[in-house]
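K.L.:
There's a structure below that I have some questions on.
Read-outs: derived from the displayed coordinates by stated rules, not from any lab. All values derive from a computational prediction rather than experimental measurement. Backbone-built Cβ (ideal geometry, glycine too); neighbour counts: all protein chains shown.
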Amino acid sequence: MSLSSSLTRFATAVLFLIGLTGLVTTVHAADKAGKSSVVIQVSENNPAIWNLALNNAKNIQQDLGKENTNIEIVAYGPGINMLKFDSEVAPRLKEASANGVALLACGNTMKNQKLTEKDLDGNVKVVKAGVIEIINKQREGWAYIKP
């Protein structure tokens, strides 16, 4: 066997092992994550849209199991109004939060609308920018839904 042939076989074996290692790493990462993660965008001041988003979250938890999901509902623009403590969907927000759904308000929208955390339902957390939250979650592999 020539030196050239031996080097070719060695290089092929090394490339195969590198590819196999990459596959194992990918499978391990998926097993490690273990949960289905979903970010839901709501940017409309419409109780019907909010109820649809809350139904989506509830259905995902029922179908996959609450313990198997990470769900965030991110509101910005006009959609932030439904996160107020006195909104029509406030009882459903409390239910969703009690079931582990994160309710997030856009800090930029709050600033523009001169809202404070006291204006919001007590279960709502504020993020700096709603759209950036959504972008970051998608980068992390979260599914995206806009009802």
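K.L.:
Counting Lys +1, Arg +1, Asp -1, Glu -1, what net charge surrounds ALA102 among other residues with beta carbon under 11 Å of its beta carbon? Each step should come with its number before you reach the end.
P.N.:
Numbers: positive: LYS125, LYS137; negative: GLU72, GLU133.
So the surrounding residues net to 0.
K.L.:
Pairs of Cα atoms under 8 Å, at least six residues apart: use those to get the relative contact order of the stretch 35-145, whole percent. Mind dumping the intermediate values first?
P.N.:
Values: 193 pairs, mean separation 35.7, N = 111.
The normalised contact order for the stretch 35-145 reaches 32 percent.
K.L.:
May I ask which of LYS35/LYS128; LYS66/LYS128; LYS66/LYS125; LYS35/LYS84; LYS66/LYS118 have a Cα-Cα span longer than 22 Å here?
P.N.:
Working: LYS35/LYS128 25 Å; LYS66/LYS128 27 Å; LYS66/LYS125 20 Å; LYS35/LYS84 29 Å; LYS66/LYS118 29 Å.
Over 22 Å apart, Cα to Cα: LYS35/LYS128; LYS66/LYS128; LYS35/LYS84; LYS66/LYS118.
K.L.:
Follow-up. The stretch 96-117 to the stretch 124-145: how many Å between their Cα centroids?
P.N.:
Each part's Cα centre sits 12 Å from the other's.
K.L.:
Hey, can you grab everything whose amide H is under 5 Å from the amide H of LEU120? Only 5+ residues off in sequence or another chain; H modelled, so Pro and N-termini drop out.
P.N.:
The answer is PHE85.
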